[in-house]
Amino acid sequence: MASDLPQLPSAPGTPPSTGSSPNPAPSNHSPPASGNRLSARLICLFAILAVALILGGWTLVSPVQETFQEDLALPRNYFRSGEQTLRAFASLSKATRNSIVKFNVDGETVALGTVVDAAGLALTKASEIKPGKLTCWLASDKEVNAQLLGVDDDEDVALVRVDAKGLKPITWAAGDVAEGQWAVTPGIADTPNAVGIISALPRRIRPQRAFIGVQFDFDTPLPRVGMLIAGLSAQKAGLKPGDLIAAVNGNPVTNREQVVDILRDFREGQTVTVRVRRAAEEFDASLKMIVPRSGEEGAEFYPQRPANLGAEVSRRALGFERAIEHDTVLQPWLCGGPLVNLDGQAIGLNIARASRVTTYALPAALVQRIFANLNSRRPHVEKTAARLGAMKAPSR
Amino acid sequence: MENIQTPGPAAPAKTKPKEAEPPALPTPAVPKPGPARRQDLPAAFSKEVPTSIADLRAIEQQVKKLVRQVSPAVVAVEVGYASGSGVVISADGLVLSAGHVCGRPRRDVLFTFPDGRTARGKTMGVDRDADTGLMRITDPGPWPHVAVGDLEEARLGDWVLALGHPGGFDLKRSLVVRLGRIIRAAPGIVQTDCTINSGDSGGPLFDMHGRVLAIHSAISSSLAENFHVPITEFFDTWNTLAAGGSANALASQPRAYVGASAADDPAGCRLSAVEKNSPAFNAGLQPGDLVLKVEGRDIPVSATFRRWIAEAQPGETLNLEIKRGDKLLSLQVKLQTPPDGK
């Protein structure tokens with residue numbers, strides 16, 4: 001049935017196919033090698049049948065290697081985020097590039113920033129601003145100094161002063177976003193860094209799971225402590241196997257799932273109060289949420305998740321009050337800048353690269369609220385900073 | 001591939017009534033591509049590449065419209081222990097999915113629509129070579145559905161919409177919408193730069209008329225080069241799919257059955273349920289057991305455990321190291337062939 005097989009590119013009446021167009025194939029496009037690479041490193045979508053699918057992938061791919069010709073593939077610069085496609089967005093980039101800065105710590109790019117005030121105030125992704133010498137590149141191709149002024153830990157946003165004049169505050173979009181609308185991530189260059197569409201409407205994003213170090217007794221649905229992980233907060237606070245958890249932060253609980261559900265809302269470093277019942281006695285324990293890193297105490301009980309199927313993700317990728325999900329493939333060090341619509345207005349601030357298919361942006365209204373809060377604390381911070389000389393990024 | 005059969009118009013119903021099966025539905029006919037004309041689309045879709053904000057607006061408008069139009073028919077599917085995606089293509093509930101999501105015929109399926117509504121059904125036929133699979137909602141319809149497309153009309157560079165439930169169904173998030181272009185095509189494959197992920201498998205790739213052009217199949221090491229099974233593969237394997245058959249050696253191999261379900265737990269792979277009189281039950285496994293090792297190899301997550309079972313043969317004995325409370329136990333599980341309907 002070979003004649004029934006799809007013949008997309010060579011179908012008669014096909015308008016100028018990209019392969020036969022005068023555009024030279026880009027140098028980075030090397031089909032046979034690429035085909036081999038793809039087939040050799042196919043990763044299956046369906047964990048349970050991984051091996052079977054990889055075998056399937058080989059069978060699926062092998063015809064490509066045999067019959068592959070230059071005109072069967074779209075040149076890479078015509079991809080959704082290819083250079084040619086990005087050129088269509090050039091007018092947006094030109095309109096917004098003076099509202100964007102690119103932060104470096106000790107000379108290494110760590111994030112973009114969104115200018116929110118003509119006097120040089122910008123917002124960015126706080127967890128990427130590591131300790132070190134903070135500078136930033138401007139659209140004018142100048143590198144200037146910058147000082148960290150304040151941080152909103154809950155939403156991972158930092159307020160930074162940039163030593164530059166002539167910056168243009170970003171224009172925030174009013175109104176709702178819609179699934180399928182363009183979501184553009186401009187930078188300080190002529191064309192955007194990347195583009196995508198809104199994948200899902202704004203919603204709360206729970207934090208990465210952190211732990212108090214209790215393994216429940218699985219012989220009962222009750223929230224009864226089975227085992228304590230040495231070195232984590234529950235063991236340190238003196239909880240014992242057999243203890244019943246009666247409440248978490250004042251919310252009464254009667255089964256394990258309720259406890260887990262409440263704890264899911266707390267991120268690493270936050271503290272919860274657990275009401276413990278032991279025989280006739282009841283007491284409160286204050287427990288710090290921890291994510292044991294490999295090599296630390298308790299790590300063997302909380303193994304790191306497998307790599308995210310080849311995607312590079314932000315270290316702080318989860319835990320936001322509200323976020324827009326979009327499908328832009330954004331490098332983690334290019335978060336912090338605005339996410340704009342086709343009118344060049346910011347619908348949000350890119351806050352995390354979270355998975356192969358997911359980038360999160362804080363919605364415009366939330367960002368403006370965060371800015372107002374940080375800005376109201378700024379005079380005090382700046383006075384202190386002036387006294388101390390150049391302020392260093394706090395170690396976090 | 002000798003298992004590919006010519007799609008006949010309205011394949012004659014040749015279902016034999018089987019004992020203990022629900023009332024046999026007529027064998028569904030090969031779906032016909034929905035009507036669509038390229039010239040009805042905005043001019044931006046006929047360009048090699050958009051060149052202006054006006055082009056981008058035209059694309060955006062069409063994409064937003066399509067998302068509203070086709071979303072209700074895109075389902076999350078749970079088959080056995082795992083989840084994927086699918087798309088409903090008829091009012092009585094025929095669902096296209098990937099072969100590797102279906103696994104094999106006559107398995108129970110739970111469908112979840114984007115609004116959270118659920119429906120029960122069964123896997124029908126599967127072709128593991130083509131990675132095509134068909135399912136049917138057995139609850140009474142009518143169900144939201146979409147038309148299938150015609151790959152012969154598709155071209156390199158066409159804009160396409162990938163929908164699905166990456167990571168499984170999440171009511172607060174629901175469907176995830178992605179846009180890309182057809183970047184490569186070859187017999188049996190459509191490749192796009194739509195980003196897809198685990199859980200998208202079986203989900204639909206739509207053309208700009210809102211018709212199903214392909215089904216998500218596999219990802220590559222590059223985020224921008226993913227694989228989809230063309231709709232033509234479904235037409236070519238339709239007789240197998242509609243008759244509830246399974247084509248190719250992989251699918252007809254007997255599957256090993258353990259009778260325990262496992263879930264990810266902060267500590268690793270924890271058994272969430274053990275069926276009575278199953279191999280797991282007979283070996284002494286209990287819900288709550290933490291599976292540390294199989295055949296001496298670490299089991300960091302539940303998927304690793306399931307993969308061991310998926311790769312094993314019935315009759316094989318696996319050595320398990322488990323943790324129950326603070327006790328470490330070694331158990332042997334002798335796998336069996338699955339009982340009916342599993």
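Listed values, structure above:
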| quantity | calculated |
| --- | --- |
| Candidate set: region B:243-260, residues that are surrounded by fewer than 24 Cβ atoms within 10 Å (Cβ to Cβ) and over 19 Å from residue B:100 (Cβ atoms); chosen: the one modelled with the highest pLDDT | B:259 |
| Looking only at region B:148-157, and only at residues there that are in contact (Cβ under 8 Å) with a residue 60 or more places away in the chain and surrounded by 21 or more Cβ atoms within 10 Å (Cβ to Cβ), the one that is farthest from the other protein chains (Cβ to nearest Cβ) | B:148 |
| In region B:189-217, residue surrounded by the most Cβ atoms within 10 Å (Cβ to Cβ) [restricted to those that are in contact (Cβ under 8 Å) with a residue 60 or more places away in the chain and more than 16 Å from residue B:148 (Cα to Cα)] | B:217 |
| Whichever residue in region B:288-342 is touching a helix residue (DSSP H, G or I) at 6+ places or on another chain (Cβ under 7 Å) and away from chain A (no Cβ under 14 Å) and, among such residues, is surrounded by the most Cβ atoms within 10 Å (Cβ to Cβ) | B:333 |
| Members of region A:175-189 found to be without any contact (Cβ under 8 Å) to a residue 24 or more places away in the chain and either more than 23 Å from residue A:328 (Cα to Cα) or of a type in the set (A, V, I, L, M, F, W, C) (or both), listed by number | A:178 |
| In region A:277-294, the residues that are surrounded by fewer than 18 Cβ atoms within 10 Å (Cβ to Cβ), assigned to a loop (DSSP other than H, G, I, E, B) and not basic (Lys, Arg) | A:279, A:280, A:294 |
| Filter result for the condition that a residue is in contact with a strand residue (DSSP E or B) (Cβ under 8 Å, 6 or more places away or on another chain) and more than 7 Å from every other protein chain (Cβ to nearest Cβ), over B:72, B:42, B:33 | B:33 |
| Residue in region A:100-117 that is without any contact (Cβ under 8 Å) to a residue 40 or more places away in the chain, more than 20 Å from the chain's Cα centre (by Cα), part of a loop (DSSP other than H, G, I, E, B) and surrounded by fewer than 20 Cβ atoms within 10 Å (Cβ to Cβ) present | yes |
| Residues of region B:49-74 that turn out to be part of a loop (DSSP other than H, G, I, E, B) and buried (at least 18 other Cβ atoms within 10 Å of the Cβ), as a count | 2 |
| Number of positions in region A:226-251 that are assigned to a strand (DSSP E or B), surrounded by fewer than 21 Cβ atoms within 10 Å (Cβ to Cβ) and in contact with a Pro (Cβ under 8 Å, 6 or more places away or on another chain) | 4 |
| Subset tally (residues that are part of a loop (DSSP other than H, G, I, E, B) and either touching a His at 6+ places or on another chain (Cβ under 7 Å) or among the hydrophobic types (A, V, I, L, M, F, W, C) (or both)) for region A:200-218 | 3 |
| Residue check, residue A:254 surrounded by fewer than 16 Cβ atoms within 10 Å (Cβ to Cβ), of a type in the set (Val, Ile, Thr), within 30 Å of residue A:130 (Cα to Cα) and at pLDDT 90 or above | no |
| Residue check, residue A:97 within 14 Å of chain B (Cβ to nearest Cβ), touching a Gly at 6+ places or on another chain (Cβ under 8 Å) and under 28 Å from residue A:318 (Cα atoms) | no |
| Qualifying residue in region B:177-193 (condition: among the acidic types (Asp, Glu) and not in a loop (DSSP other than H, G, I, E, B)) | no |
| Test for residue A:328: is it more than 14 Å from chain B (Cβ to nearest Cβ), touching a strand residue (DSSP E or B) at 6+ places or on another chain (Cβ under 9 Å) and hydroxyl-bearing (Ser, Thr, Tyr) | no |
| Qualifying residue in region B:97-107 (condition: out of contact with any Ser or Thr (no Cβ under 9 Å at 6 or more places or on another chain) and surrounded by fewer than 24 Cβ atoms within 10 Å (Cβ to Cβ)) | no |
| Conditions (1) over 29 Å from residue B:298 (Cβ atoms); (2) surrounded by fewer than 20 Cβ atoms within 10 Å (Cβ to Cβ): number failed by residue A:274 | (2) |
| Boolean, residue A:126 is more than 14 Å from every other protein chain (Cβ to nearest Cβ), among the small types (Gly, Ala, Ser) and crowded, with 22+ Cβ neighbours inside 10 Å | yes |
| Failed item, numbered, when residue B:313 is tested on (1) free of Cβ contacts under 8 Å to residues at least 24 places away in the same chain; (2) farther than 27 Å from residue A:220 by Cα | (1) |
| Given (1) in a loop (DSSP other than H, G, I, E, B); (2) at pLDDT below 95; (3) not assigned by TED's automatic domain parsing to the domain that holds residue A:238, number of the condition residue A:265 does not satisfy | (3) |
| Residue that is farthest from residue B:133 (Cα to Cα) [pool: residues in region B:158-196 that are facing another protein chain (nearest Cβ under 8 Å) and β-branched (Val, Ile, Thr)] | B:183 |
| Residue in region A:295-304 that is touching a helix residue (DSSP H, G or I) at 6+ places or on another chain (Cβ under 9 Å), in a loop (DSSP other than H, G, I, E, B) and without any contact (Cβ under 8 Å) to a residue 40 or more places away in the chain present | no |
| Candidate set from region B:78-97 (those that are in contact with a helix residue (DSSP H, G or I) (Cβ under 7 Å, 6 or more places away or on another chain) and more than 14 Å from every other protein chain (Cβ to nearest Cβ)); member that is farthest from residue B:119 (Cα to Cα) | B:96 |
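This table checks each residue for (1) crowded, with 18+ Cβ neighbours inside 10 Å; (2) part of a strand (DSSP E or B).
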| position | (1), (2) |
| --- | --- |
| A:324 | yes, yes |
| A:330 | yes, no |
| A:353 | yes, yes |
| A:359 | yes, yes |
| A:362 | yes, yes |
| A:370 | yes, no |
| A:373 | no, no |
| A:380 | no, no |
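Yes/no matrix, rows are residues, columns are (1) surrounded by fewer than 21 Cβ atoms within 10 Å (Cβ to Cβ); (2) modelled with pLDDT of 95 or more; (3) more than 14 Å from every other protein chain (Cβ to nearest Cβ):
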{"site": "A:169", "(1), (2), (3)": "yes, yes, yes"}
{"site": "A:172", "(1), (2), (3)": "yes, yes, yes"}
{"site": "A:185", "(1), (2), (3)": "no, yes, yes"}
{"site": "A:193", "(1), (2), (3)": "no, yes, yes"}
{"site": "A:201", "(1), (2), (3)": "yes, yes, no"}
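To keep it simple, each residue is scored yes or no on (1) assigned to a strand (DSSP E or B); (2) away from chain A (no Cβ under 13 Å); (3) over 28 Å from residue B:312 (Cβ atoms).
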{"position": "B:198", "(1), (2), (3)": "no, no, no"}
{"position": "B:201", "(1), (2), (3)": "no, no, no"}
{"position": "B:208", "(1), (2), (3)": "no, no, yes"}
{"position": "B:223", "(1), (2), (3)": "no, no, yes"}
{"position": "B:227", "(1), (2), (3)": "yes, no, no"}
{"position": "B:234", "(1), (2), (3)": "no, no, yes"}
{"position": "B:272", "(1), (2), (3)": "yes, no, no"}
{"position": "B:277", "(1), (2), (3)": "no, yes, no"}
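The values are calculated or read from the model by the stated rules, or taken from the named source; none is laboratory data. The structure displayed is predicted, hence computed values, not measured ones. Here Cβ is always computed from backbone atoms with ideal geometry, including for glycine, and neighbour counts include all displayed protein chains.
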